[in-house]
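Notes for the one structure printed next.
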Amino acid sequence: MSAARSHPTDSTVALLREGYAFLLHRSERDRTDVFETRLLGVPVLCLHGEEAARVFYDPERFERRGAAPSRAQKTLFGQGGVQGLDGEAHRARKAMFMSLMTPDRLRDLASLTTAQWHAAAVKWEMQDRVVLLDEVQELLCRAVCRWAGVPLTPAEVTLRTADFAAMIDSAGAVGPRHWRGRLGRARAERWAGGLIRQVRAGDLDPAEASALRVIALHRDPAGALLDEHTAAVEVLNVLRPTVAVALYVTFTALALHESPEARRDLLSGRGAGEHFVQEVRRFYPFFPFALAKVRRDFEWRGQPFQRGRRALLNLYGTNHDRRLWGDPERFRPGRFRDWNGSAYNFIPQGGGDHVQGHRCAGEWITIELMQGALRFLTEELTYAVPPQDLRVSLTRYPARPASRLVLSGVRRSGGRAGGA
Ligand code: HEM
C-alpha cells in the first residue's frame, strides 16, 4: 500500500457512524495501513493489516502501561490486571495465566461445560422459547466457576451471570449500560476479593491447579503475593471472558442458521468443525481493536510514531482485509483449509505470541468451548429459529444479534442433526 496520509481531524463521528468498519473503510479509502486521527480530541495512530500487526506486537516499539481508557478499566478490564503490564512484570503474570491452559485443564473445562449443556437442554425442552445468548452465558458461568474452584450456590448463579454480562456489555457504552457495568464490576471485585481472602486464610481449599488457587497463591518476581484487589481482578480476568464466549456461541448458532451451504458441508462431513469455528471468529465482530502506547520514537511507512502517542490495531478490519481474505464478507469456513497459520493475519483475539506478548490468554479455551457448542447444537439438539430481528449492528459494541437469538421447540435429539 502507498505511504501514509495524515488525518489530523477528529473522527469520533465517523467512528460512531461506521462502528467496527470505520478503521477498515478509512484504510481502504486512503490505501494505507497507517494513519493518524483524533478520537474524542485525543491523537491516535491507527494500524491495519498483517504487517502493521507485526509492528504493533513489537515490545520495543509499544507498551501497554496507561494505554487503556479509564472507562474500560472501570467496567470491562479492571485496574492492575495483566493487560496493563509490560516487560518482566507482564511475562511473570502472563505465565500464571498460561499455566492454567494445559491440555488436561482445557479438557476438564470442556467436559464440565458439556455437562452444563445437557442439564440446560433438559430445561429448554420444557420452555416454548429460549434466548440462546442469555442461556449460554449462564451455563458458561456455572461451568467456569466450577472449573476455576470458585464456589457458586444455585441462588447466586443469576446474580453472578448478570454482573459478568453487564461488564461485557458496558465497555463501549454510555449511560445506563455503562453504569450497570461499573456496578457489576464493583460487586464482582468485592466477591472475588473475599474468595482470595478465604483461600489465603485456609477457609477455602480449591483444587490444586484451579485458577482461584493459582491466582490466590501466585507470587510476583519479587516473591510477594498479589495484593487482594489485583488478585480479584485476575480471577475475574478468567471468569468474565469465559462467560463472554457466549457471544461467539450465539454467532455460531447464527452462522448455522444463515449460512446453509456451510452448514450442509459441516453436517455431511465435507467441512470441518474446526474451520467453521475459525470462520465465526474471523467473520463476526467482537473486539474492534487493541490499544497500546508508543514506547519510543520511530517511523513506519513514512508515519512518525512519537513516544507516548496512543495507537490502535485494527482487529476486526484485519480479519476482513481483502488482501488476506478473498471475498471477506462471505462466510466460508473452507478458507481455513488453506490458511497459513500466521500469528499476525487472523487476530480476533490479538496477534503475536500468547506467552511473550499480550495475545489473549484464553484463545484455546474459546476455540474449545465453541467447538463443543457447535457439536452440541448440531448433534444433540433439534430446534427452530422463529421470525425475529437477527440483524447484527456494526455500531453496537459488543455486537450481537438484536434478538439475542431466540430458539423455539428445542428437543434433545440424541445424535440426530438439529437446527433449522
Ligand atoms: C470471548 C472470546 C474472547 C475474545 C474475543 C478475546 C479477545 C481478547 C483480545 C482482543 C485481547 C487483547 C489482545 C491485545 O491486547 O493485544 C485479549 C486479552 C486477554 N484475554 Fe481474551 N478474549 C476472549 C476470551 C478469553 C478467555 C476465555 C479468557 C480467559 C480464560 C481470556 C483472557 C484474556 C486475558 C487474561 C487477556 C490479557 C492478555 C495480556 O494482556 O497478556 N480471554 N482477549
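List of remarks:
- Set 165, 173: member being crowded, with 22+ Cβ neighbours inside 10 Å and over 21 Å from residue 213 (Cα atoms): 165
- Residue 329 meets all of the listed conditions (1) within 22 Å of residue 76 (Cα to Cα); (2) more than 10 Å from the ligand (Cβ to nearest atom) but one, namely (1).
- In the condition set (1) among the β-branched types (Val, Ile, Thr); (2) crowded, with 17+ Cβ neighbours inside 10 Å; (3) more than 11 Å from the ligand (Cβ to nearest atom), residue 153 is compliant with all but (2).
- Check on residue 80, touching a helix residue (DSSP H, G or I) at 6+ places or on another chain (Cβ under 7 Å) and surrounded by fewer than 20 Cβ atoms within 10 Å (Cβ to Cβ): yes
- The set of residues in the range 83-95 that are more than 9 Å from the ligand (Cβ to nearest atom) and either crowded, with 20+ Cβ neighbours inside 10 Å or of a type in the set (S, T, N, Q) (or both) is empty.
- Among the residues listed as 247, 256, 239, the single one being in contact with a Gly (Cβ under 6 Å, 6 or more places away or on another chain), outside any loop (DSSP other than H, G, I, E, B) and crowded, with 22+ Cβ neighbours inside 10 Å: 256
- Of all residues in the range 107-131, those satisfying the criterion of being more than 10 Å from the ligand (Cβ to nearest atom) and under 19 Å from the mean Cα position of the chain (by Cα) are 110, 113.
- Considering residues of the range 163-191 that are assigned to a loop (DSSP other than H, G, I, E, B) and in contact (Cβ under 8 Å) with a residue 24 or more places away in the chain only, the residue farthest from residue 111 (Cα to Cα): 173
- Among the residues making up the range 288-306, a single one is part of a loop (DSSP other than H, G, I, E, B) and either at pLDDT below 95 or buried (at least 20 other Cβ atoms within 10 Å of the Cβ) (or both): 288.
- Residues of the range 188-211 satisfying the condition of being in contact with an Asp or Glu (Cβ under 7 Å, 6 or more places away or on another chain) and closer than 19 Å to residue 76 by Cα: 188, 193
Here's the yes/no breakdown for (1) within 16 Å of the ligand (Cβ to nearest atom); (2) part of a strand (DSSP E or B):
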site	(1), (2)
355	yes, no
368	yes, no
373	yes, no
383	no, yes
387	no, no
390	no, no
394	yes, no
398	yes, no
410	no, yes
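- For the range 29-50, residues that are in contact (Cβ under 8 Å) with a residue 60 or more places away in the chain and not in a strand (DSSP E or B) total 5.
- Residue match in the range 22-35 (condition: under 17 Å from residue 293 (Cα atoms), more than 13 Å from the ligand (Cβ to nearest atom) and buried (at least 16 other Cβ atoms within 10 Å of the Cβ)): yes
- Pairs with Cβ under 8 Å, 6+ apart, first in the range 279-302 and in contact (Cβ under 8 Å) with a residue 40 or more places away in the chain and more than 24 Å from residue 84 (Cα to Cα), second within 14 Å of the ligand (Cβ to nearest atom) and hydroxyl-bearing (Ser, Thr, Tyr): 280/248; 280/252; 281/248; 281/366; 284/248
- Any hit, the range 341-351, residues being over 26 Å from residue 313 (Cα atoms), at pLDDT 95 or above and out of contact with any Ser or Thr (no Cβ under 7 Å at 6 or more places or on another chain): no
The values are calculated or read from the model by the stated rules, or taken from the named source; none is laboratory data. Quantities reported herein were computed from a predicted structural model and do not represent experimental measurements. Every residue, glycine among them, receives a Cβ derived from its backbone with ideal geometry; neighbour counts consider all protein chains shown.
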